[in-house]
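Visitor: Let me begin by handing over the structure; questions about it come next.
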Amino acid sequence: MKPETNRYRGLIAALLTLAMTGPAAAFDLNSDLPIKVTADNARLDDGKGIATYTGDVELVQGKTQLNAQRVVLYRDAKGLSRIEAFGSPAHYRQPTREGTGETDAKALNITWSASDQQLTFEQKAVIEQNGNVFRGDVIHYDTARRVVTAEGGAADGEGSGRVEMVIQPRSTNTQGSDGNSESQ
């Protein structure tokens, strides 16, 4: 087999691993766990179904956490339908589906949509998980289909404007109980 073919297969496997171990379904409306919100200020417009929180805002449901300077929650007849978070950056953290590690994401704007089953990270978006890094101007994560897509943006002096991924190599050695390396 050609070396290039092996390289491409390795890259494809790494990309699939990143997509398959992506964040779970964000905030779970079917959970028995409540979503707790704390902030310096709050404004509730019950007629429009909009709650706006400002100043060191934190949303927590179980081990899922969102921190931002400003968060807007939208409710409809079915309950919570959308979360918009704004920060410099806003931070989103959640254990992976398999429970082995954590997804740590940040962007200037983070949006969660219940109807689309999608998380969107916009402007200077970075998602890190188990040493793997995914960067782009806009990153969409379809929580139902478990598909990640990203778009580059204009070069701004901090980056090239292109989508970037850093994929950690698969570990071929593990430490034995005596400290010696042994092959898997």
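Visitor: Checking the conditions here, which among Gln123, Gln94, Gln117 is touching a residue at least 60 places away in the same chain (Cβ under 8 Å), over 19 Å from Val60 (Cβ atoms) and out of contact with any Lys or Arg (no Cβ under 6 Å at 6 or more places or on another chain)?
Guide: Gln117
Visitor: (1) out of contact with any helix residue (DSSP H, G or I) (no Cβ under 8 Å at 6 or more places or on another chain); (2) touching a residue at least 40 places away in the same chain (Cβ under 8 Å): which one isn't true of Gly152, the others all being true?
Guide: (2)
Visitor: Another question, if that's okay. It is to be established whether one or more residues within region 111-126 are among the hydrophobic types (A, V, I, L, M, F, W, C), at pLDDT below 85 and outside any strand (DSSP E or B).
Guide: Among the residues of region 111-126, not one is among the hydrophobic types (A, V, I, L, M, F, W, C), at pLDDT below 85 and outside any strand (DSSP E or B), which makes the answer no.
Visitor: Out of region 127-139, which residues are over 9 Å from Ala150 (Cα atoms) and free of Cβ contacts under 8 Å to residues at least 24 places away in the same chain?
Guide: none
Matching residues to (1) in contact with a His (Cβ under 6 Å, 6 or more places away or on another chain); (2) buried (at least 17 other Cβ atoms within 10 Å of the Cβ); (3) closer than 29 Å to Asp76 by Cα:
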| position | (1), (2), (3) |
| --- | --- |
| Thr111 | no, yes, yes |
| Leu119 | no, yes, yes |
| Val126 | no, yes, no |
| Gly131 | no, no, no |
| Gly136 | no, yes, no |
| Ala144 | no, no, yes |
| Val148 | no, yes, yes |
| Gly153 | no, yes, no |
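Visitor: How about region 66-101: which of its residues are part of a strand (DSSP E or B), of a type outside the set (Ser, Thr, Tyr) and surrounded by fewer than 15 Cβ atoms within 10 Å (Cβ to Cβ)?
Guide: Matches in region 66-101: Asp76, Gly79.
Visitor: Kindly establish whether Asn109 is within 25 Å of Arg162 (Cα to Cα) and either in contact (Cβ under 8 Å) with a residue 60 or more places away in the chain or touching an Asp or Glu at 6+ places or on another chain (Cβ under 7 Å) (or both).
Guide: yes
The values are calculated or read from the model by the stated rules, or taken from the named source; none is laboratory data. Note that the coordinates shown come from a computational prediction; the quantities given were computed from them, not determined experimentally. All Cβ positions, even for glycine, are placed from backbone atoms using ideal geometry, and neighbour counts span all protein chains on display.
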